[in-house]
Amino acid sequence: MDVRFLGGAGEVGRSAILIDDSLLVDFGTKTADPPQFPVETPDPDAVVVSHGHLDHVGSIPSLLSGDRRPPIHWTPPTRELTLTLARDTLKLHGGTYDCPFTEEEVRRVTQVSETHGYREPFEAAGYEVTFYDAGHIPGSAHVLIDDGETRLFYTGDFHVDSQRLVAGTTARPEADAVICESTYSDVEHDPRSAVEERFAESVKTTIWEGGTVVVPAFAIGRTQEMLMICEAHDIPCYVDGMGTEVTEMVRRHPEFVRDADALQRATSHARFVTGRDGQRKRIAEQNTAIVTTSGMLSGGPAMTYIPEIRDRPVNKIAMTGYQVEGTPGRELLETGSAEIDGRVMPVAAQVEQYDFSAHADRDGLFNLLESYRDTPVIVNHGDRCAAFADELSADGFDASAPEIGEQVSI
């Protein structure tokens, strides 16, 4: 089995792995200015997708240009999330170099889509493929690829600890080689319950003192997690941005969440924002939490709320995810100011960051990899892939970290 890395090797973003020039696994976009895409657009016989985040699906429609029509295999939530992200990309960047596909190519996605559940083997490009619950976001999957001689286990993004939205992965299928993500290979997350308690106490204190809390959150996974936390701790909250659409979509697939009833309660507890008639400015004056995109303050309704609440020290901005270097969210954490609508604005409101990551940390990575101690491990999807591969090798693993464009035979 020959595996070529068209993206995602030594980086977080634009994941794309081509197997025997026939089966493509993921085809993402790297968030940057300008965005970065896989180094090659192949012509595969079939496509398999691990989950619906931009760095894994952001470039999928571009595979359907011209007369190319490879079938695309994924779980039902991943299909819907991909289409949601593609339409948003068209809305923001359609017709520019920042969008690698057209509206027609997005329509074609629905024509070639084939959905599958977990642990239901299917055929793709002559391989037997099986999805396993990866515990990352609803519909996220580990991908096991079997050509009859070699079984390749692609972890995709995963988490071994349970979140309110999804349960942690327990899947450890037999494999002859593993391609493993390494996003947090040098990080140890605090216990989720402790992070949640700190967040809830901080938000409730601000509201009690008469302040407003803006909670920037990624639309997919993180927004729904924060709504469930707000409901569990009786925190009044609004939800705004793409997260509203994604929340409704996730509710249509209750079999892909940990507790559908809890998600229903959280949805009923939250108030959904339409944005009409100056609604956002009025909400920004209330003593409440506002869960809104974008998670890194790079666009979305957060750009309305932050200017409204920034000048009062009683207010708070509670960041819930990793802030990529160069984003307004990262600038805010490091400098206390953020560029919003082309202007650098000082922020007097309190700024806090909480680690609600949906990725395995270092202990979680070893938790999964311990089942593959006698199996070659290929490290990707991380900023320090080579360093983590060296650490695994020092611990007795057969580990390596390819570069973008490199081909590995297994």
- Regarding residue 307, is this residue free of Cβ contacts under 8 Å to residues at least 60 places away in the same chain and open to solvent by less than 60 Å² (accessible area, probe 1.4 Å)? yes
- Exactly one of (1) surrounded by 19 or more Cβ atoms within 10 Å (Cβ to Cβ); (2) in contact with a helix residue (DSSP H, G or I) (Cβ under 7 Å, 6 or more places away or on another chain) is unmet by residue 71. Its number? (1)
- Task: Go through the range 149-176 residue by residue and tally those that are closer than 19 Å to residue 55 by Cβ and among the small types (Gly, Ala, Ser).
- Result: 1
- Task: Output the residue which, of all residues in the range 34-60 that are assigned to a loop (DSSP other than H, G, I, E, B) and aliphatic (A, V, I, L, M), is most open to solvent (accessible area, probe 1.4 Å).
- Result: 39
- Quick check: anything in the range 327-337 farther than 30 Å from residue 38 by Cβ, hydroxyl-bearing (Ser, Thr, Tyr) and in a loop (DSSP other than H, G, I, E, B)? no
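State whether one or more residues within the range 217-224 are surrounded by fewer than 24 Cβ atoms within 10 Å (Cβ to Cβ) and in a loop (DSSP other than H, G, I, E, B). Write out each step before concluding.
Step one: of the range 217-224, the residues surrounded by fewer than 24 Cβ atoms within 10 Å (Cβ to Cβ) are none.
The answer is no; no qualifying residue exists.
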- Which of the residues belonging to the range 12-31 are at pLDDT 95 or above, of a type outside the set (A, V, I, L, M) and either surrounded by fewer than 24 Cβ atoms within 10 Å (Cβ to Cβ) or not in a loop (DSSP other than H, G, I, E, B) (or both)? 20, 21, 22
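If you check residue 250 against the conditions, is it assigned to a strand (DSSP E or B), open to solvent by less than 30 Å² (accessible area, probe 1.4 Å) and over 19 Å from residue 347 (Cβ atoms)?
no
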- Task: Return the total of residues in the range 329-338 being within 14 Å of residue 294 (Cα to Cα) and open to solvent by 30 Å² or more (accessible area, probe 1.4 Å).
- Result: 1
- Item | Test result for residue 354, of a type in the set (Phe, Trp, Tyr), open to solvent by 10 Å² or more (accessible area, probe 1.4 Å) and in contact (Cβ under 8 Å) with a residue 60 or more places away in the chain | yes
- Spans of strands (runs of 3 or more DSSP E) in the range 103-155 with at least 1 residues surrounded by fewer than 20 Cβ atoms within 10 Å (Cβ to Cβ), touching a residue at least 40 places away in the same chain (Cβ under 8 Å) and touching a strand residue (DSSP E or B) at 6+ places or on another chain (Cβ under 9 Å): 113-115, 122-124
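The values are calculated or read from the model by the stated rules, or taken from the named source; none is laboratory data. Everything quoted here is computed from the prediction, not taken from an experiment. Every residue, glycine among them, receives a Cβ derived from its backbone with ideal geometry; neighbour counts consider all protein chains shown. The protein model used for the area step is the full one, side chains on, heavy atoms only, and it has no ligands, DNA or RNA in it. Shrake-Rupley method; radii C 1.70, N 1.55, O 1.52, S 1.80 Å.
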